[in-house]
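Below: one structure, written as structure tokens.
What follows is calculated from the coordinates using simple rules that are stated; it is not laboratory data. None of the values given here were measured: they were computed from a predicted structure. Methodologically, a virtual Cβ is constructed for each residue, glycine included, from the backbone with ideal geometry; neighbour enumeration extends over all protein chains shown.
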């Protein structure tokens, strides 16, 4: 089956892309389409809402983390069995990795970059507040900025009145862009947010589902679904470019992956690659569960443990189990929230105590891509391995690295090291994408298979 795709982008962040993308996915699904949901960039939260709307795992397309050559194959993998894909962009259409040496019109990793790689048309989401006839000039600038990007239509969001809508439609008509929908200002739609964006759907539970239903109802009422489907373009089914994900003779292992409300950040491909390499993946909730029987490896992904520190501390049997497992040599992979959970304390509340470090929530946001080098051998990477990763957190850890650091990278002022390699524990703030680093996931599964199954 050939999948058609469109990319929803905007002039800037905060234009309503997530609301419209999520609503569109659900409305198309209601209309009988099999919808593949995608998000440009390293975002973990928006794909959770996409998953609820589309009924399929939301996936990320990030050329920085996985490489340009793997975008089409990863798209084909996520879109298999569907007839249309909705790709939500990141920030503004041409915004991506900040690189002073980049001479391309579209930044590397931007929505425009991904649209060009897919050969998909772009639909611009415009926050109409404050716009009138001059919207034509704004759109003309986006249309003409990079001739390789085809902007095929506009969705007007936050329209103030019928008269306002008429003026904006005239502005779009002046430069030949069809209006594919106009959404009024709706105050009752509210999706709670937090310091890193929306509250994850998995954490927000029934309220997240209610918010998705509201987004779908709005899209159904105010978007021209048939016109959007007609605009979507076929994307080549490229199954090449992804490295072999499975070892020749994968050994069996049982790997416990933390989930629940405190650990909601993860890529669908992580589980898939672990399973392809012989792992039985079992999800557990550190707020309430014990370590699953027979665990041979532990994955502690990102999330918001600082919001649940007191409750995490109450599950002392699990904290003891994880501390003992790490001391016995069980492989542990911890990213961001997982790192905080392994510290002695988090905002003064006792945690697992695997690492000789303390974590605190900070008002300062640390954000950006990192070209990292593994400082030492670990269950995931041999020393010297080069990995593209992403930091996105407001917490700090003291010290920032252990006696054996996990990563090193160049900074504007020289270089830095970060994270901890402690026995078979690899813990760091750096998020990596498993499709960009399948070797590390495979290596972790092999390491877990060698741990005694007790």
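A few points about this structure:
- With Rh defined as the Kirkwood radius, the inverse of the mean 1/r over Cα pairs, the Rg/Rh of segment 4-234 is 0.94.
- The convex hull built on the alpha-carbon positions of segment 308-405 has an orientation-averaged projected area of 6.4 nm².
- Mean ellipticity per residue at 222 nm, deg cm²/dmol - from DSSP H runs of n ≥ 4 across the chain, formula -39500 (n - 2.57): -9000 deg cm²/dmol
- Using C-alpha pairs below 8 Å separated by at least 6 residues, the relative contact order for segment 4-234 is 26 percent.
- Kirkwood-based Rg to Rh ratio, segment 253-449, C-alpha trace: 0.93
- Burial ordering of 172, 343, fewest other beta-carbon atoms within 10 Å first: 172, 343
- Inter-site label distance for residue 394 and residue 80 at 7 Å from Cα along Cβ, in nm: 4.0
- A straight line joining the Cα centroids of segment 12-35 and segment 254-296 runs 29 Å.
- Averaging the sequence gap over all C-alpha pairs within less than 8 Å and six or more residues apart, then dividing by the number of residues, gives the chain a relative contact order of 14 percent.
- Antiparallel DSSP beta bridges within the chain, as percent of all bridges there, nearest 5: 40
- Packing-based order for 344-350, 375-381, using average beta carbon neighbours within 10 Å, highest first: 375-381, 344-350
- Rounded to two decimals, the Cα-based Rg/Rh of segment 76-179, with Kirkwood Rh, is 1.01.
- Relative to the longest principal axis of the Cα atoms of the chain, the long axis of helix 162-174 lies at roughly 90 degrees.
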